[in-house]
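Working notes for the structure below.
The values are calculated or read from the model by the stated rules, or taken from the named source; none is laboratory data. The shown structure was predicted, so the numbers you read here are calculated from the model rather than taken from an experiment. Cβ: placed from backbone, ideal geometry, glycine included. Neighbour counts: every protein chain shown. Keep in mind that these areas ignore ligands, DNA and RNA; they rest on the heavy atoms of the full protein, side chains included. Shrake-Rupley method; radii C 1.70, N 1.55, O 1.52, S 1.80 Å.
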There are 2 protein chains.
Amino acid sequence: MVEGQPFVIPTGYARVGDSLVIHGSQASRMLRTLGQGIEVCMTVTLIDGLVLARSAFHHSMNYRSVVVFGRATVVDPPAAKLKALRALSEHMIPGRWDDVRAPNERELQQTTVLSLALTEASAKVRTGPPLDDEEDYDLPGWAGVIPLGVVARAPVEDARLPPNSEAPQYAVDYARPVLKQ
Amino acid sequence: MVEGQPFVIPTGYARVGDSLVIHGSQASRMLRTLGQGIEVCMTVTLIDGLVLARSAFHHSMNYRSVVVFGRATVVDPPAAKLKALRALSEHMIPGRWDDVRAPNERELQQTTVLSLALTEASAKVRTGPPLDDEEDYDLPGWAGVIPLGVVARAPVEDARLPPNSEAPQYAVDYARPVLKQ
C-alpha cells in the first residue's frame, strides 16, 4: 500500500523459525515501504490441478495457498541478515549456499531483509475430484482432474564456464515436491 | 484493501478485449469489496528458471510478470457475464466450454464477474544467464540456469464416469507454453 494504492510484487521467501523472510535491493521501494511497518499481506499459492466438472459452474482448481498478515520489520544485524539470506537460498536451491561466494560487507549493506512473524495466517487447500450437482452426473462428457506441477529441465550451463564443467547434483536433480491428486 | 489491511488472493483471470476479468462467488468478500471500485492491483507471475551465479548476491530468477493497477467494475448484463466466464474457461482449458453444461440463470446470479481495464500496467522480464561481477568469473564452481516450467500429467478421471470414458484431447495434451532459456 502506497498512498491508498496496493502493490502486489512477486518475490522469493523463506521461513526462519516462526517468521517469513524476504529480501531485495536496498533501493527497492517495496522493501523501504514495508520496512516502515505498514500492514502487509504475503500470499503463496501452489496450483496442483485443474478440476473439470460436468457443469461450467463447478469447474475449479486443486491448490494449496497460504495468506499471512502483519507488519514486517527490518532485519538489521549482519549475522541475522546472513542467516536469512542463507535460508532464502537453501529454501529455493538446497545445497547451493556452500558452493558460492558468500555476500561481502558491501553486498550485505545493499541488501534489505524483512521479517514477518507468522502470527496471523490462513491456509486453504482443495484436493480431489470435481463435485457436480447430483442431476448433472448423468450428462455425457468427461470429468476429472488434470494434475499440474512445476518441473525442472536439464540445467543450462553458463557460456563462461570452463569446458567440461559438471553441473552439481542439486541442479541436475532439481525438483519441487508434487502432490498426489 | 479492507480497512487499511491489504489482501492478496489467488484467482484465475482472462483477458476480454482490453480488460482483465476475474470471477467468483457472489458471497466473496474480495469480489464485493473490489466491486465497490477501490484501488486494486492484479499481478501475474510466471517463473521460467532459477539463475545460479558464482556469488550468492547475483543469484536470481528468470521470470515474466505483469502488474496491473486500477479500479474494477462489476460486469452485470448476463450476456457480458457469460462472455467473461467463457473467456475464463477458454483461457485456462481451451476447448472445454463447449463440452460442459453452460451456467443456468441461478448460477449466473450466484457468480460475480469483475472487469479491470488494462490502462495502467507494468511488465518485467528476466531471461538469460547469471551476471556475475567480473572478478568472480575465475571462481571454481558451476553457474547457469535451472529451467522451470509447469507441466500437466495424465488426466485423472472422475470415479463416477461410466466405464471406458475417454479423456478429451485438450485434457490429454494439456500444456502451457514454456519459454526457451
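Structure notes:
- For the segment A:135-142, counting C-beta atoms of other chains within 10 Å of every residue's C-beta and taking the mean gives 4.
- Counting only alpha carbon atoms, the long axis of helix B:78-92 and the longest principal axis of chain B meet at about 30°.
- Shape analysis of the stretch B:21-69 based on the Cα gyration tensor places the equivalent ellipsoid semi-axes at 36, 11, 9 Å, largest first.
- Seen from A:PRO10, the other residues with C-beta closer than 14 Å to its C-beta sum to a net charge of +2, counting Lys and Arg as +1 and Asp and Glu as -1.
- The sum of -39500 (n - 2.57) across all DSSP H runs of n ≥ 4, divided by the residue count of chain B, sets its helix-only mean residue ellipticity at 222 nm to -4500 deg cm²/dmol.
- Mean separation of Cα contacts under 8 Å (6+ apart) over length of the stretch B:1-59, as relative contact order %: 21 percent
- Straight Cα distances below 19 angstrom link B:LYS83 to the aspartates and glutamates B:ASP18, B:ASP98, B:ASP99, B:GLU105, B:GLU107, with same-chain residues fewer than 8 positions distant left out.
- Centre-to-centre separation between the Cα atoms of the stretch A:97-164 and those of the stretch B:1-31: 22 Å.
- Other-copy label distances relative to B:VAL172, 7 angstrom Cα-Cβ extension, nm: 3.5
- Treating r as the C-beta distance of A:HIS91 and A:ARG126 and R0 as 35 Å, the FRET efficiency rounds to 0.90.
- Estimated FRET transfer efficiency (B:VAL66, B:VAL151; beta-carbon r; R0 25 Å; 0.05): 0.65
- With 40 Å² as the minimum drop in accessible area between chain alone and full protein complex (1.4 Å probe), the qualifying residues in the stretch A:63-99 are A:PHE69, A:ILE93, A:ARG96.
- Between B and A, buried accessible area from a 1.4 angstrom probe totals roughly 6100 Å², ignoring ligands, DNA and RNA.
- A viscosity of 0.692 mPa s and a temperature of 37 °C, combined with the Kirkwood radius over Cα pairs in Stokes-Einstein, give a translational diffusion coefficient for the stretch B:50-165 of 169 µm²/s.
- Each residue of the stretch A:155-168 was assigned a 3J(HN,Hα) from its phi angle through the Karplus expression (A = 6.51, B = -1.76, C = 1.60, θ = phi - 60°), giving x, 9, 7, 5, 5, 8, 6, x, x, 6, 6, 9, 5, x Hz with x at Gly and Pro.
- Other residues within the sphere of radius under 11 Å centred on the Cβ of B:PRO155, judged by their own Cβ, net out at -3 (K and R +1, D and E -1).
- Distances from B:ARG64 to itself in the other copies, using label points 7 Å out along the Cα-Cβ axis, amount to 2.8 nm in increasing order.
- Across chain B, Cα pairs under 8 Å and at least six residues apart give a relative contact order of 28 percent.
- Taking Lys and Arg as +1 and Asp and Glu as -1, the other residues whose beta-carbon sits under 12 Å from that of A:GLY70 total -2.
- For the residues of A:102-109, the average number of beta carbons from a partner chain within 10 Å of their own beta carbon is 2.
- Exercise: per-residue mean of other protein chain Cβ atoms within 10 Å, A:158-165: 5
- Summarising the amide proton neighbourhood of B:LEU118: residues at separation of 5 or more, or on other chains, whose placed amide H is nearer than 5 Å comprise B:SER19, B:LEU20.
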